[in-house]
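Contents: one structure, followed by commentary.
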Amino acid sequence: QVQLLESGGGLVQAGGSLRLSCTASGRTFNTLTTGWFRQVPGKEREFVAAMGWSGGAILYADSVKGRFTISTDNTKKTRHLQMNSLKPDDTAVYYCAAHLGPLPTRTPQTYDYWGQGTQVTVSS
C-alpha cells in the first residue's frame, strides 16, 4: 500500500514562495509517478505538475510553468513542489497524488493514491 503525507501549505503574500512536500510510504519515487493538483470549492481538480519514475519526465501546467518546480529528495521518499512568485489565483487546496505507471499524466482519474491535501492561501 502506498500512503502519501503532505506538508508545507500556509498563508503567504503575493510574490512569496512556499515549498510543499509529499512523503511516500510503501514505495519510493523510483517507481512512483507523482502528480500535484489543486482545487478550489466548486471547481474541478486542476493539474499543476507531475513527475514520472525516477524523475525521468516532468509536466507542468501552463499556468505555473516557470514558477513551480517539482523535485525529488535524494532519499527518493519525498517529492517537493517549490512554488515561487505566488499569485492570489494560486490559492487552493493542493493535493499530492501518485500512480504506479512510469509516465506522468495530467488527469486526476489516472492517480490511485492521494495525500490529504494542504491549504495554500496567497493574499494580495
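The values are calculated or read from the model by the stated rules, or taken from the named source; none is laboratory data. This one's a predicted model, so the numbers in the text were calculated from it and none came from an experiment. Backbone-built Cβ (ideal geometry, glycine too); neighbour counts: all protein chains shown. All accessible areas refer to the heavy atoms of the entire protein, side chains included, with ligands and DNA or RNA removed. Shrake-Rupley method; radii C 1.70, N 1.55, O 1.52, S 1.80 Å.
Average accessible surface for the chain: 49 Å² per residue, computed with a 1.4 Å probe over protein heavy atoms with every protein chain in place. Placing a pseudo-label 7 Å from each Cα along the Cα-to-Cβ vector at residue 87 and residue 100 gives an inter-label distance of 3.9 nm. For the chain, the percent of C-alpha pairs falling in each 5 Å distance bin, counted from 0 to the bin holding the largest distance, reads 2, 13, 24, 27, 19, 10, 4, 1, 0. All alpha carbon pair distances within region 38-95 were sorted into 10 Å bins beginning at 0; the resulting P(r) in whole percents reads 21, 52, 25, 3.
List the relative contact order of the chain as a percent without decimals, with contacts defined as Cα pairs under 8 Å and 6+ residues apart. Over the chain, the number comes to 36 percent. Straight-line cross-link partners of residue 43 among the aspartates and glutamates, defined as a Cα under 19 Å from its Cα and at least 8 positions apart when in the same chain: 62, 89, 90.
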